[in-house]
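The values are calculated or read from the model by the stated rules, or taken from the named source; none is laboratory data. In this text the structure is predicted, and so the values were computed from the model without any measurement. So basically every Cβ, Gly included, is an ideal-geometry build from the backbone, and we count neighbours across all protein chains shown. With ligands, DNA and RNA removed, areas are computed over all heavy atoms of the protein, side chains included. Shrake-Rupley method; radii C 1.70, N 1.55, O 1.52, S 1.80 Å.
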Amino acid sequence: MVKYVGKRLIYMFLTMFLIATATFFLMQTLPGSPIASYNKLNESQRAIVEKKYGIDKPKPVQYAIYMKNLAQGDLGTSFVFKGKSVNDLLASRFKPSFILGAQAMVFGTIIGILLGIIAALRQNTFWDYGSTFFAILGISIPSFVFASLLQYWVASEWHLLPVGLWNDGWKSSILPSIALAMGPLALSARFIRTEMIEVLSSDYITLAKAKGANGFEIAFKHALRNALIPLVTVLGPVAAGLVTGSLVVEQIFAIPGIGEQFVSSIMSNDHATIMGTTLFFSAFLIVVIFIVDILYGIIDPRIRLSGGKN
Amino acid sequence: MEKILQVKDLELSFHTFAGEVKAIRGVSFDLKKGETLAIVGESGSGKSVTTKSIMRLLPESSSEFKNGQILFDNKDLTKLPERDMQKIRGKEISMIFQDPMTSLNPTMPIGKQVMEPILKHQKVSKAKAKEVTIELLKMVGIPNAEVRYKMYPHQFSGGQRQRIVIAIALACNPKVLIADEPTTALDVTIQAQILELMKDIQKKVDTSIIFITHDLGVVANVADRVAVMYGGRIVEVGTVDEIFYNPQHPYTWGLLSSMPSLDLEEERLYAIPGTPPDLLNPPVGDAFALRSEYALKIDLEQAPPMFQVSDTHYAATWLLHPNAPKVEPPASIIERMKTFPGSRYYETKGGNV
Ligand SMILES: Nc1ncnc2c1ncn2[C@@H]1O[C@H](COP(=O)(O)OP(=O)(O)OP(=O)(O)O)[C@@H](O)[C@H]1O
Ligand SMILES: [Mg+2]
């Protein structure tokens with residue numbers, strides 16, 4: 001197990017290195033310059049600014065400096081928020097995004113799993129069709145539509161919750177979390193329904209019935225864990241979906257989160273912030289995938305993480 | 001002997017998209033205390049459906065009891081509410097399935113799976129249940145049970161898994177144990193071990209066993225009585241000796257002739273010609289008539305009743321009707337009958353008796 005984790009960590013660093021390199025050079029191909037907005041500068045002033053941010057040097061040198069700083073955890077300095085480091089920017093905006101993402105993930109998967117179970121146990125009844133309908137809505141309607149609808153009805157029309165911003169404590173997080181949760185909810189509902197139906201028709205479920213287990217024990221003690229195993233594998237993509245969802249949802253609700261900042265840094269061509277945020281999102285996803293693999297081994301006893309004795 | 005289970009005129013259908021599949025078309029048999037009743041018959045004859053209907057393990061949504069009763073403990077199991085059925089399953093009647101590779105829950109330690117019926121049906125503490133579990137695992141021959149009860153199914157071999165399934169079935173000392181081809185999926189040496197185990201256990205715990213199998217060799221080894229099923233009916237039932245050495249139904253003749261034997265050096269195995277009956281549109285008369293060279297005209301018009309051959313031996317074939325023509329069974333069957341006192345071919349020194 002220790003050996004396995006060690007090996008995985010090395011691969012994770014390697015992946016990060018490749019992503020950082022790719023992002024760095026892709027950034028160079030973006031049209032416009034990070035200091036294009038400083039258009040009132042004359043030649044010599046521009047040279048001073050370029051020197052300050054180190055973009056006067058040849059690209060390979062810039063790359064080497066960036067990677068060296070990155071190795072020390074330094075993501076550089078924002079071009080737009082003068083004098084602020086990207087690290088500080090991300091840190092100040094981490095909390096709302098984290099809260100939204102975590103709430104959406106937990107709420108979405110739990111409700112989704114429950115809906116999926118109900119649909120599987122009550123196959124081809126009103127409950128099944130209802131939850132299928134709900135899930136298809138969740139999969140096919142993009143999160144910004146949910147976000148706008150929730151904002152319009154629940155917030156503006158009925159005044160139940162804040163329209164946006166992050167100044168009303170937990171209440172501010174409810175609507176954006178729900179909007180974000182629709183994707184994971186729909187996906188896990190569909191997934192669990194299919195898996196449960198499959199598992200419920202297997203021999204060991206018949207044996208459980210033959211032991212005298214009742215419907216509840218069969219669904220929750222015997223079937224659910226087996227149906228969850230494949231769901232774990234899609235948690236990675238689900239997390240990726242949350243990241244993209246957050247870009248839009250944070251914008252709509254004006255949440256001062258990382259997603260909102262990412263969008264505005266792209267608007268303002270703030271190279272250092274774009275890169276920093278991209279790397280941050282990548283690191284997040286790599287960690288999620290790692291956790292998912294560990295979870296997989298815990299939930300499925302047949303998978304003992306190889307690379308050494310457990 | 002005391003009858004523990006009585007199945008009377010059972011008829012059961014499946015509702016499918018193609019129509020009503022009449023899988024069981026009037027099955028009656030008794031199971032006596034402590035005996036082993038083998039059910040044999042070709043694939044699709046309704047062996048599994050019959051036994052699953054006793055435990056009510058068939059899908060409620062698509063299966064329907066059309067007629068008959070299953071009497072157990074003064075209760076008719078066809079009419080028992082699901083809740084009461086749950087108290088019988090695993091406690092009074094339990095079941096061993098064909099494929100040990102798929103009949104254990106892959107994500108649950110085997111000890112927990114054995115313990116489950118104990119905790120469910122008996123008022124005992126967890127510690128006590130664990131003790132019983134380890135004892136059971138030892139009894140079925142799992143070495144090092146104290147350590148291994150925490151392991152998962154994939155850490156055991158097929159034979160060991162079947163032993164675990166047997167331990168589960170025996171956990172509450174059931175009155176009836178149903179074994180649906182418990183050795184079919186195992187290789188020959190393991191098969192023999194599992195059969196020995198089942199015989200040992202039956203001596204120890206005195207349960208009645210219904211043993212489903214394709215393998216007549218196994219029947220001779222384990223059973224007291226045999227029921228031969230064909231097309232959703234029992235066509236012949238009797239003691240092992242009666243079925244093996246004095247068979248009356250042409251289908252039983254076919255089955256016995258298709259049994260490989262070591263002592264008779266036959267060049268090739270006999271195969272019953274034709275295909276099993278279509279249970280969507282079952283034939284009117286004797287379902288075997290179309291495949292049988294012994295069919296009479298009446299076989300195509302009316303299903304034969306059970307004719308009594310002896311106190312314990314019954315067969316559903318018009319050949320046993322007093323007015324039926326006397327036919328000669330296949331030569332290999334006559335050979336068998338010659339050794340059975342009471343059969344019409346029984347040979348003493350002087351001739352037929
Ligand atoms: N769930 C079901 N739905 C519809 N038909 C079914 C169902 N289960 C069994 N049958 C039908 O009932 C008949 C009897 O099947 P059964 O499984 O009892 O055969 P069997 O004698 O056990 O055969 P085998 O030796 O292959 O196990 C078959 O024709 C089968 O197609
Ligand atoms: Mg079967």
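For every residue, the table says whether it meets (1) closer than 28 Å to B:Gln302 by Cβ; (2) part of a helix (DSSP H, G or I); (3) more than 9 Å from ligand 1 (Cβ to nearest atom).
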| residue | (1), (2), (3) |
| --- | --- |
| B:Met1 | no, no, yes |
| B:Lys8 | yes, no, yes |
| B:Glu11 | yes, no, yes |
| B:Glu20 | yes, no, yes |
| B:Phe29 | yes, no, yes |
| B:Ala38 | no, no, yes |
| B:Glu42 | yes, no, no |
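With the condition kept exactly as written, say whether any residue in segment A:28-43 is under 30 Å from A:Ala179 (Cβ atoms) and open to solvent by 50 Å² or more (accessible area, probe 1.4 Å). Scanning segment A:28-43 turns up at least one residue that is under 30 Å from A:Ala179 (Cβ atoms) and open to solvent by 50 Å² or more (accessible area, probe 1.4 Å).
Consider B:Met101 carefully, then state whether it is surrounded by fewer than 22 Cβ atoms within 10 Å (Cβ to Cβ) and within 14 Å of chain A (Cβ to nearest Cβ). Spelling it out, B:Met101 is indeed surrounded by fewer than 22 Cβ atoms within 10 Å (Cβ to Cβ) and within 14 Å of chain A (Cβ to nearest Cβ).
What do you reckon, is A:Leu235 more than 21 Å from A:Ile178 (Cβ to Cβ), touching a residue at least 40 places away in the same chain (Cβ under 8 Å) and either in a helix (DSSP H, G or I) or open to solvent by less than 30 Å² (accessible area, probe 1.4 Å) (or both)? Give the derivation first.
Values: more than 21 Å from A:Ile178 (Cβ to Cβ): no; touching a residue at least 40 places away in the same chain (Cβ under 8 Å): yes; either in a helix (DSSP H, G or I) or open to solvent by less than 30 Å² (accessible area, probe 1.4 Å) (or both): yes.
When the stated conditions are applied, A:Leu235 does not pass them.
The condition of being crowded, with 17+ Cβ neighbours inside 10 Å and away from chain A (no Cβ under 13 Å) holds for only one of B:Arg225, B:Arg161, that being B:Arg225.
The combined condition, being over 23 Å from A:Ser177 (Cα atoms), part of a helix (DSSP H, G or I), modelled with pLDDT of 80 or more and not acidic (Asp, Glu), is not fulfilled by A:Ala104. For the subset of segment B:164-190 comprising residues that are within 28 Å of B:Lys123 (Cα to Cα) and open to solvent by 40 Å² or more (accessible area, probe 1.4 Å), which member is farthest from ligand 1 (Cβ to nearest atom)? The residue in question is B:Asn173.
Please verify whether B:Thr78 is at negative phi, more than 11 Å from every other protein chain (Cβ to nearest Cβ), part of a helix (DSSP H, G or I) and open to solvent by less than 70 Å² (accessible area, probe 1.4 Å), treating the condition exactly as stated. No. Set side by side, the residues B:Met85, B:Met95, B:Met108 differ, and just one is assigned to a helix (DSSP H, G or I) and at the interface with chain A (Cβ under 9 Å from one of its Cβ atoms), which is B:Met85. Each residue in segment A:121-141 was checked for being open to solvent by 50 Å² or more (accessible area, probe 1.4 Å) and in contact (Cβ under 8 Å) with a residue 60 or more places away in the chain, and 2 pass. Of the residues in segment B:191-210, at least one is crowded, with 23+ Cβ neighbours inside 10 Å, within 16 Å of ligand 1 (Cβ to nearest atom) and farther than 15 Å from B:Ser103 by Cβ.
How many of the residues making up segment B:44-90 are away from ligand 2 (no atom under 16 Å from the Cβ) and in contact with a Gly (Cβ under 6 Å, 6 or more places away or on another chain)?
Our first condition is that a residue be away from ligand 2 (no atom under 16 Å from the Cβ); within segment B:44-90, this holds for B:56, B:60-62, B:64-90.
Next, from what is left, pick out any that are in contact with a Gly (Cβ under 6 Å, 6 or more places away or on another chain): B:86, B:89-90.
Here the count works out to 3.
Quick check: anything in segment A:71-79 at pLDDT below 85, among the aromatic types (Phe, Trp, Tyr) and farther than 21 Å from A:Thr244 by Cα? There is at least one residue in segment A:71-79 that is at pLDDT below 85, among the aromatic types (Phe, Trp, Tyr) and farther than 21 Å from A:Thr244 by Cα. When B:Asp187, B:Asp200 are checked against the criterion of being under 19 Å from the mean Cα position of the chain (by Cα), modelled with pLDDT under 90 and either under 17 Å from B:Pro143 (Cβ atoms) or acidic (Asp, Glu) (or both), B:Asp200 stands alone in meeting it. Do the conditions hold for A:Gly241, that is, is it open to solvent by 30 Å² or more (accessible area, probe 1.4 Å) and within 14 Å of chain B (Cβ to nearest Cβ)? The answer is no for A:Gly241. The single condition from (1) closer than 24 Å to A:Gly183 by Cα; (2) more than 10 Å from the chain's Cα centre (by Cα); (3) open to solvent by 10 Å² or more (accessible area, probe 1.4 Å) that A:Gly215 fails is (1).
Would you point out the residue of segment B:44-58, among those that are within 6 Å of ligand 1 (Cβ to nearest atom) and part of a loop (DSSP other than H, G, I, E, B), that is most open to solvent (accessible area, probe 1.4 Å)? Show your work before the answer.
Applying the first criterion (within 6 Å of ligand 1 (Cβ to nearest atom)) to segment B:44-58 yields B:44-49.
Subsequent filtering for residues that are part of a loop (DSSP other than H, G, I, E, B) retains B:44-46.
On the way: B:Gly44: 59, B:Ser45: 3, B:Gly46: 10 Å².
Result: B:Gly44.
Charged (D, E, K, R) and touching a helix residue (DSSP H, G or I) at 6+ places or on another chain (Cβ under 7 Å), is that true of B:Lys47? No, not satisfied.
Condition (residue is over 22 Å from the mean Cα position of the chain (by Cα), among the acidic types (Asp, Glu), at pLDDT below 80 and in a helix (DSSP H, G or I)) applied to segment A:51-66: is it met by at least one residue? Steps first, answer last, please.
As a first pass, look at segment A:51-66 and keep what is over 22 Å from the mean Cα position of the chain (by Cα): A:51-66.
When the remaining residues are screened for being among the acidic types (Asp, Glu), the result is A:56.
If we keep only those that are at pLDDT below 80 too, we end up with A:56.
Restricting the remaining residues to those that are in a helix (DSSP H, G or I) gives none.
Looking through segment A:51-66, none of the residues is over 22 Å from the mean Cα position of the chain (by Cα), among the acidic types (Asp, Glu), at pLDDT below 80 and in a helix (DSSP H, G or I).
Matching residues to (1) open to solvent by 10 Å² or more (accessible area, probe 1.4 Å); (2) at pLDDT 85 or above; (3) more than 29 Å from A:Tyr53 (Cα to Cα); (4) among the aliphatic types (A, V, I, L, M):
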| residue | (1), (2), (3), (4) |
| --- | --- |
| A:Phe253 | no, no, yes, no |
| A:Met267 | yes, no, no, yes |
| A:Phe281 | yes, yes, no, no |
| A:Ile286 | yes, yes, yes, yes |
| A:Ile291 | yes, yes, yes, yes |
| A:Arg302 | yes, no, yes, no |
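Across segment A:191-212, the qualifying residues are those that are more than 9 Å from every other protein chain (Cβ to nearest Cβ) and touching a helix residue (DSSP H, G or I) at 6+ places or on another chain (Cβ under 7 Å), and the one among them that is most open to solvent (accessible area, probe 1.4 Å) is A:Phe191.
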